[in-house]
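J.: Attaching a single structure in structure tokens format; questions to follow.
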């Protein structure tokens, strides 16, 4: 196992508390994405760019009445339709909401919701 992960080894290279072992985070694109983009930019044997040829085929399928193709075109050009989500309280009524009277009561309620133990100040 890596010395940094076990907490042993050279102090200079050990991760500090709160320091990420992956500071750059997850890569934004996968390698397949780059490969697909490169293929779409190429020209097919008929002299038509691949992205144009695929778009033409998709439009033809949509014109034939294929709902999936129609939806795909609409989503890509107009954006996906927003889905309305209703949130309601018990029995479909409004969500119960109370504003605590004091800062202490608010902090106590936050700790309660977070499952943190009561602390004496």
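J.: On the given criteria, is residue 6 surrounded by 10 or more Cβ atoms within 10 Å (Cβ to Cβ) and either out of contact with any helix residue (DSSP H, G or I) (no Cβ under 9 Å at 6 or more places or on another chain) or at pLDDT below 80 (or both)?
T.: Considered against the rule, which asks whether it is surrounded by 10 or more Cβ atoms within 10 Å (Cβ to Cβ) and either out of contact with any helix residue (DSSP H, G or I) (no Cβ under 9 Å at 6 or more places or on another chain) or at pLDDT below 80 (or both), residue 6 comes out as no.
J.: While we're looking at this one, here's another question. Applying the selection to the range 87-100, what residues are loosely packed, with under 10 Cβ neighbours inside 10 Å and either in contact with a helix residue (DSSP H, G or I) (Cβ under 9 Å, 6 or more places away or on another chain) or at pLDDT 90 or above (or both)?
T.: Scanning the range 87-100 gives 96, 98, 99.
J.: Which residues, counting only those in the range 71-86, are exposed (fewer than 10 other Cβ atoms within 10 Å of the Cβ) and either in a loop (DSSP other than H, G, I, E, B) or in contact (Cβ under 8 Å) with a residue 12 or more places away in the chain (or both)?
T.: If the condition is that a residue be exposed (fewer than 10 other Cβ atoms within 10 Å of the Cβ) and either in a loop (DSSP other than H, G, I, E, B) or in contact (Cβ under 8 Å) with a residue 12 or more places away in the chain (or both), then 79, 80, 81, 82, 83, 84, 85, 86 are the ones that fit.
J.: When you scan the range 18-58, how many residues do you find that are at pLDDT 85 or above, exposed (fewer than 10 other Cβ atoms within 10 Å of the Cβ) and in a loop (DSSP other than H, G, I, E, B)?
T.: 4
The values are calculated or read from the model by the stated rules, or taken from the named source; none is laboratory data. Keep in mind the model is a prediction, meaning the values are calculated, not measured. Quick reminder, even Gly has a Cβ in these numbers, built from the backbone with ideal geometry, and neighbours come from all protein chains shown.
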